[in-house]
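Pasting in a structure now, in structure tokens, and then I'll have a few things to ask.
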Amino acid sequence: MSDKHDLTMQASAAAAVPGTPAAAPGGITPAREHGAAGRGGLALACRWLAVLALAAVILPWRPAMPGEGLDPSWMAALNQALAQGLVFGRDIVFTLGPYAGVFTRVFHPATDGLMLAASAVFLLGYASATLQLTRGAGRVLPLLLALMIAGALSHDVLLLGYPLLVSAAWYRHCRGLDAQVEPGSAWRKPLAALLMFAPFGLLPLVKGSMLPACAAALLLCVLLLASRRAWGVALVMLLAPPLAAMALWQAAGQPLAALGPYLHSLVAMISGYEEGMALDGPAIDLALYLLPALALLAAIALRRGEAFRLRAFLLLSFAAFLFLCFKGGFVRHDDHALIAASAIAFAGLVFALAAPSWPGAGLAVLGAAAGWAIALHYTEATPARYAMNVARTALGVSEGLALRARGDALAQAYRARLAALRREHEVPLMKGSSDIYSFWQSDLFAAGNQWNPRPVIQSYAAYSPMLAGLNAAHLAGARAPDMVLMRVTPIDGKYPTLDDGPSWPVLMRDYRPVAFRDNFLYLAHAPAPASPQAPVLKADAMLGVPVTVPDSAVPLMAKLDVEPSLAGRLRAFALKPAALRIRVTLRDGSEQDYKLVSGMARAGFVLSPLVRNSTEFALMYGAPGTLRAQQVTRFTVEAAEGGAYAWQSHYRVTLTPAPVTPAADPASLFQHDPLGDLAPADRTAQRREGACMGSLLVLNETYPAPASARIGHVLSAEGWLVAQPQTMRPPARTYLSLTDASGHVRYAPTRAMPRLDVQDMIGAGPLPDLGYTAYLDPAGLHGRQTLGVAYASEGGLVSCSNTRVALQFAD
């Protein structure tokens, strides 16, 4: 079949909203589906099935309830911020905006209506673009699109894929005009432009990463239509996003003057994310993504029989989408790789719809195979699992309709969830306003506390000096919270004091410890006069060369000005920055190695003593020598293996004292669990090993729990465990086990606790308390020991073979 004949058959590009069906090839079987397929009732049903799938996944029929932990906390916090009338870009600075609910689909009584309305705007645009793109595409491709949407492994791709889908729809329209196909009613084109491009104003208010995706697609579409002298449609495209953004911004109760600062804050968050949240993963994933991506781009570049501007438009549209999804999937290379897996499959299918041909069908198959291969590394990507996702989507719609038909059923479920959250960490109702570090905001809301947040609401996200400075200024200002709950919870193996580093001197000066419960240190506001401190060290240093730290009776703040090289900046643009490490030597002679984020290091952080958890943070308020063994005597900054080229070899070091306003005996606040022993019923029970259903999640407030740890002033652990997976029954008793070098085992009973995060992960209804927690005094423990988990069951005492952590206790 010639390209000219293929173009002539594209009657589907006639209008942007479906009207009279027209003949077009069907992608996988183009020769058989010409003409009749586009007109067939089954083909039309498949197109509308894709729209129904979109409605099922975009509209929050059955919204999620607030949860506990890192991600659920920011999801709940953004809803709470909107409900409290806080201003995004000023009071709240984060990677998501006031319409975050369109992405998170988390319920709040005060924001549910806004979430529904905004989701409907998004759905209307998505449906318009989908119907246009699938006109005349036969039955197979629209059906595959419907299944891909309904069983999506990543919700991110539904957002990131929207600009590509819109671009592909307008490509087909213009390609049809070049083939001299009847374009349909003239009024439809401006209306379609309005429907499709209004969500371009919504999506950056949902998620900051959508800003470059929408901007790129908007620019390309406007230039394409302007090049064809379709000035009216191009003008509608150009004006729809900003007008929609302003209208939606004000509908969310946000002052129009704050829209500019909000967009500016997104740039700071996006640029800091790349290094602040970077994780490495299997290199094979990159190859599995890049090979079909490059094949697709090459196929577009080599197309013949159409205008150069159309080919360039399609090439740039797909290149932008594939590049942004490459970054989205592999900057933080954990299960975020599912973004890339879904994206490469989505791109192949959209190309097959935009340019129906046998090569297009082949690329769709190649993209699906590559996406499946990537997904296998992170989830059970089997046909049965995919079918289960589709079934869950349908079930969610039916259950959601039933819930919403019952009046205040969602509000009742919300109140029940808050009651369950109150049991999780039992945060009390406090006088005045409060904030919580590093995350865990859901615990504050559940107790009904008056939330007074720092702008960057979760500490790990204060990636740069500007962002961290906003938080420190909030704490030091007139609107500082009356109470702060401090739980040092470093993630990704970072130096523990990096998160919100500039805020630590303010906390140590202006707040006093008053209670300690469930690893939270309660700090009351008691401002003290600020006294300027002169640096004790200002020097140039070299990567890989140790720097000696002066002895100090007070904590030392460090600012390390490590800058990337030109090659490092190019690498960061192409994928992500090369990793930095910091290795510290403590006064007791031990060495510890951590990830270092250059933006956080420039902002400033407590270098010495090494404070790894809330217990040690509290002890800084005590006698000066309490943490002497954890004073840093020297440190070395170096690039991770193979990354030396990415950083300038010289950097600037500044060390400044950070005095602490002392408090009387903070150690008296601790309430340790007894180290104890087995319960009498378990002492004579038969003992065996086995793989357990559960996980040790947090060790000494490091999340996720490391494979090894050095233990100082506390041994704390949190996790969950199931004794009988068939019934989800928890163990009768759960223990931490400590095995020394001689094989002697000591057992420490744990306390049961709810784990709503586990319940949400499993997707089941209410479950018994599957969680366990312990807060132990390690004073009597020495040397190397192995931490494990054991539980009592009907068959005896089971030691979990899949939970082993090497511990080194201070002697």
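Go over the candidates 797, 787, 767 one by one and state the one that is assigned to a loop (DSSP other than H, G, I, E, B) and assigned by TED's automatic domain parsing to the domain that holds residue 730. Step through it out loud before you land on a result.
On the way: 797 fails: assigned to a loop (DSSP other than H, G, I, E, B); 787 fails: assigned to a loop (DSSP other than H, G, I, E, B).
Testing whether each residue is assigned to a loop (DSSP other than H, G, I, E, B) and assigned by TED's automatic domain parsing to the domain that holds residue 730 leaves just 767.
Restricting attention to the range 525-559, which residues are part of a strand (DSSP E or B) and touching a Gly at 6+ places or on another chain (Cβ under 9 Å)?
Looking only at the range 525-559, we keep the residues that are part of a strand (DSSP E or B), and these are 525, 537-542, 547-548, 556-559.
Hits for the range 525-559 are 525, 557, 558, 559.
Ok, one more. Of all residues in the range 131-143, which are buried (at least 24 other Cβ atoms within 10 Å of the Cβ) and not in a loop (DSSP other than H, G, I, E, B)?
Result: 132, 133, 141, 142.
Let me ask something else about it. Can you tell me which residue among 394, 420 is under 26 Å from residue 768 (Cα atoms), in a helix (DSSP H, G or I) and at pLDDT below 95?
420
Can you confirm whether the range 595-605 contains a residue that is surrounded by fewer than 17 Cβ atoms within 10 Å (Cβ to Cβ) and either at pLDDT below 95 or more than 30 Å from residue 665 (Cβ to Cβ) (or both)?
Of the range 595-605, the ones surrounded by fewer than 17 Cβ atoms within 10 Å (Cβ to Cβ) are none.
No, that holds for no residue.
Give 143, 147 a once-over and let me know the one that is aliphatic (A, V, I, L, M), more than 18 Å from residue 64 (Cβ to Cβ) and in contact with a Cys (Cβ under 6 Å, 6 or more places away or on another chain).
Details: 147 fails: in contact with a Cys (Cβ under 6 Å, 6 or more places away or on another chain).
Only one candidate passes the filter, namely 143.
For the range 770-783: of the residues being in contact with a strand residue (DSSP E or B) (Cβ under 7 Å, 6 or more places away or on another chain) and in a loop (DSSP other than H, G, I, E, B), which is nearest to residue 420 (Cα to Cα)? Spell out the reasoning first.
At the first step, the residues of the range 770-783 found to be in contact with a strand residue (DSSP E or B) (Cβ under 7 Å, 6 or more places away or on another chain) are 770-776, 778, 781-783.
Then drop every residue that is not in a loop (DSSP other than H, G, I, E, B), which leaves 770, 781-782.
On the way: 770: 13, 781: 35, 782: 38 Å.
Only one residue fits best here, namely 770.
Sort out which residues of the range 372-391 are in contact (Cβ under 8 Å) with a residue 60 or more places away in the chain and part of a helix (DSSP H, G or I), and write them in order of number. Walk me through how you get there before you give the answer.
First pass over the range 372-391, keeping only residues in contact (Cβ under 8 Å) with a residue 60 or more places away in the chain: 373-375, 377, 379, 381, 386-387, 389-390.
Selection gives 373, 374, 375, 386, 387, 389, 390.
Which is closer than 24 Å to residue 235 by Cβ, out of contact with any Asp or Glu (no Cβ under 8 Å at 6 or more places or on another chain), at pLDDT 90 or above and in the same structural domain as residue 336 (by TED's automatic domain parsing), of 159, 164? Before the answer, list the steps.
On the way: 159 fails: closer than 24 Å to residue 235 by Cβ.
Only one candidate qualifies: 164.
Now a separate question. Under 7 Å by Cβ, and 6 or more places apart or on different chains, what pairs join a residue from the range 656-676 that is assigned by TED's automatic domain parsing to the domain that holds residue 557 and among the β-branched types (Val, Ile, Thr) with one that is in a helix (DSSP H, G or I) and at pLDDT 90 or above?
What qualifies is 660/508; 661/508; 661/509.
Go over the candidates 737, 742 one by one and state the one that is at pLDDT 95 or above and small (Gly, Ala, Ser). Full working, then the answer.
Values: 742 fails: at pLDDT 95 or above.
After ruling out the rest, the residue left standing is 737.
When you scan the range 331-358, how many residues do you find that are more than 17 Å from residue 156 (Cβ to Cβ) and crowded, with 17+ Cβ neighbours inside 10 Å? Quick ask: steps written out before the conclusion?
Initial filter on the range 331-358 (more than 17 Å from residue 156 (Cβ to Cβ)): 348, 351-358.
Subset that is crowded, with 17+ Cβ neighbours inside 10 Å: 348, 351-357.
Going through the range 331-358 one residue at a time, the tally reaches 8.
So that you can scan it fast, the table gives a plain yes or no per residue for (1) under 26 Å from residue 515 (Cα atoms); (2) of a type in the set (Phe, Trp, Tyr):
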| residue | (1), (2) |
| --- | --- |
| 409 | no, no |
| 413 | no, no |
| 428 | yes, no |
| 445 | yes, yes |
| 449 | yes, no |
| 454 | yes, no |
| 474 | yes, no |
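Then there is this: State which residue is nearest to residue 466 (Cα to Cα) when the search covers only the range 65-105 and only residues that are in contact with a Pro (Cβ under 8 Å, 6 or more places away or on another chain) and part of a strand (DSSP E or B).
Selected residue: 92.
Tell me, please, whether a residue that is closer than 15 Å to residue 502 by Cβ, among the aromatic types (Phe, Trp, Tyr) and assigned to a helix (DSSP H, G or I) can be found in the range 400-414. Full working, then the answer.
As a first pass, look at the range 400-414 and keep what is closer than 15 Å to residue 502 by Cβ: none.
Checked the range 400-414: no residue is closer than 15 Å to residue 502 by Cβ, among the aromatic types (Phe, Trp, Tyr) and assigned to a helix (DSSP H, G or I).
Would you mind finding the one in 695, 716, 708 that is of a type in the set (Gly, Ala, Ser), under 29 Å from residue 508 (Cβ atoms) and touching a residue at least 40 places away in the same chain (Cβ under 8 Å)?
Details: 695 fails: under 29 Å from residue 508 (Cβ atoms); 708 fails: under 29 Å from residue 508 (Cβ atoms).
Step by step, each of 695, 716, 708 is checked, and only 716 is of a type in the set (Gly, Ala, Ser), under 29 Å from residue 508 (Cβ atoms) and touching a residue at least 40 places away in the same chain (Cβ under 8 Å).
For residue 317, indicate whether it is within 24 Å of residue 175 (Cβ to Cβ), among the polar types (S, T, N, Q) and either in contact (Cβ under 8 Å) with a residue 12 or more places away in the chain or in contact with a Phe, Trp or Tyr (Cβ under 6 Å, 6 or more places away or on another chain) (or both).
Working: within 24 Å of residue 175 (Cβ to Cβ): yes; among the polar types (S, T, N, Q): yes; either in contact (Cβ under 8 Å) with a residue 12 or more places away in the chain or in contact with a Phe, Trp or Tyr (Cβ under 6 Å, 6 or more places away or on another chain) (or both): yes.
Criteria met by residue 317.
Next up: Going by the conditions given, is residue 588 modelled with pLDDT of 95 or more, over 23 Å from the mean Cα position of the chain (by Cα) and surrounded by fewer than 19 Cβ atoms within 10 Å (Cβ to Cβ)? Let's see the steps before the verdict.
Numbers: modelled with pLDDT of 95 or more: no; over 23 Å from the mean Cα position of the chain (by Cα): yes; surrounded by fewer than 19 Cβ atoms within 10 Å (Cβ to Cβ): yes.
No: the conditions fail for residue 588.
Output the helices (runs of 4 or more DSSP H) that fall wholly within the range 230-311 and possess 2 or more residues being closer than 28 Å to residue 191 by Cα and at pLDDT below 95, or say none. Give the steps one after another, and end with the answer.
Numbers: elements: 231-251, 259-276, 283-301.
Correct list: 231-251.
Against the condition under 20 Å from residue 485 (Cα atoms) and in contact with a strand residue (DSSP E or B) (Cβ under 9 Å, 6 or more places away or on another chain), how does residue 646 come out, does it pass? Can you show your working first?
Values: under 20 Å from residue 485 (Cα atoms): no; in contact with a strand residue (DSSP E or B) (Cβ under 9 Å, 6 or more places away or on another chain): yes.
The answer is no for residue 646.
Return only the number of the condition from (1) out of contact with any helix residue (DSSP H, G or I) (no Cβ under 8 Å at 6 or more places or on another chain); (2) at pLDDT 95 or above that residue 351 does not satisfy.
(1) is the only condition that residue 351 fails.
Okay, next question. Within the range 715-764, work out how many residues are outside any loop (DSSP other than H, G, I, E, B), β-branched (Val, Ile, Thr) and crowded, with 20+ Cβ neighbours inside 10 Å. Let's see the steps before the verdict.
First, the residues of the range 715-764 that are outside any loop (DSSP other than H, G, I, E, B): 715-722, 724, 729, 733-740, 745-749, 751-753, 756-762.
So of that shortlist, the ones also β-branched (Val, Ile, Thr) come out as 722, 734, 739, 745, 758, 762.
In the following step, the residues that additionally are crowded, with 20+ Cβ neighbours inside 10 Å were identified as 722, 734, 758.
Final tally of qualifying residues: 3.
Okay, next question. Could you list all residues from the range 423-465 that are assigned to a helix (DSSP H, G or I) and either free of Cβ contacts under 8 Å to residues at least 12 places away in the same chain or among the hydroxyl-bearing types (Ser, Thr, Tyr) (or both)? Working first, answer last.
Start the filter on the range 423-465 by keeping residues that are assigned to a helix (DSSP H, G or I), which leaves 423-425, 441-446, 459-461, 465.
442, 459, 460 - these are the residues of the range 423-465 that are assigned to a helix (DSSP H, G or I) and either free of Cβ contacts under 8 Å to residues at least 12 places away in the same chain or among the hydroxyl-bearing types (Ser, Thr, Tyr) (or both).
I want to confirm something. Restricting to the range 552-585 and keeping residues that are more than 25 Å from the chain's Cα centre (by Cα), charged (D, E, K, R) and closer than 28 Å to residue 328 by Cα, which single residue is surrounded by the most Cβ atoms within 10 Å (Cβ to Cβ)?
Looking at the filtered set, the residue picked out is 561.
Report, by residue number, each residue of the range 443-485 that is within 20 Å of the chain's Cα centre (by Cα) and modelled with pLDDT under 95. It would help to see each step written out before you state the result.
Filtering the range 443-485 for residues within 20 Å of the chain's Cα centre (by Cα) gives 443, 453-464, 467-468.
Passing the criteria: only 443.
Does residue 585 qualify as being within 30 Å of residue 776 (Cα to Cα) and touching a Ser or Thr at 6+ places or on another chain (Cβ under 8 Å)? Working first, answer last.
Working: within 30 Å of residue 776 (Cα to Cα): yes; touching a Ser or Thr at 6+ places or on another chain (Cβ under 8 Å): yes.
In short, yes.
Here's another thing I want to ask about it. May I ask you to list the residues in the range 471-498 that are under 14 Å from residue 455 (Cα atoms) and of a type in the set (D, E, K, R)?
From the range 471-498, those under 14 Å from residue 455 (Cα atoms) are 471-477, 479-481; that's our starting set.
Selection gives 479 alone.
Can you find a residue in the range 99-110 that is farther than 15 Å from residue 204 by Cβ and free of Cβ contacts under 8 Å to residues at least 24 places away in the same chain?
So far as the range 99-110 goes, no, none of its residues is farther than 15 Å from residue 204 by Cβ and free of Cβ contacts under 8 Å to residues at least 24 places away in the same chain.
Consider only pairs whose beta carbons are under 6 Å apart and that are at least six residues apart or on different chains; among these, list those whose first residue lies in the range 517-542 and is among the β-branched types (Val, Ile, Thr) and whose second residue is assigned to a loop (DSSP other than H, G, I, E, B) and at pLDDT 95 or above.
536/550
Mind checking which residues of the range 312-337 are touching an Asp or Glu at 6+ places or on another chain (Cβ under 6 Å) and not in a helix (DSSP H, G or I)?
331, 333
The values are calculated or read from the model by the stated rules, or taken from the named source; none is laboratory data. Bear in mind the structure is a predicted one, so any value in this text is a computation, not a measurement. So basically every Cβ, Gly included, is an ideal-geometry build from the backbone, and we count neighbours across all protein chains shown.
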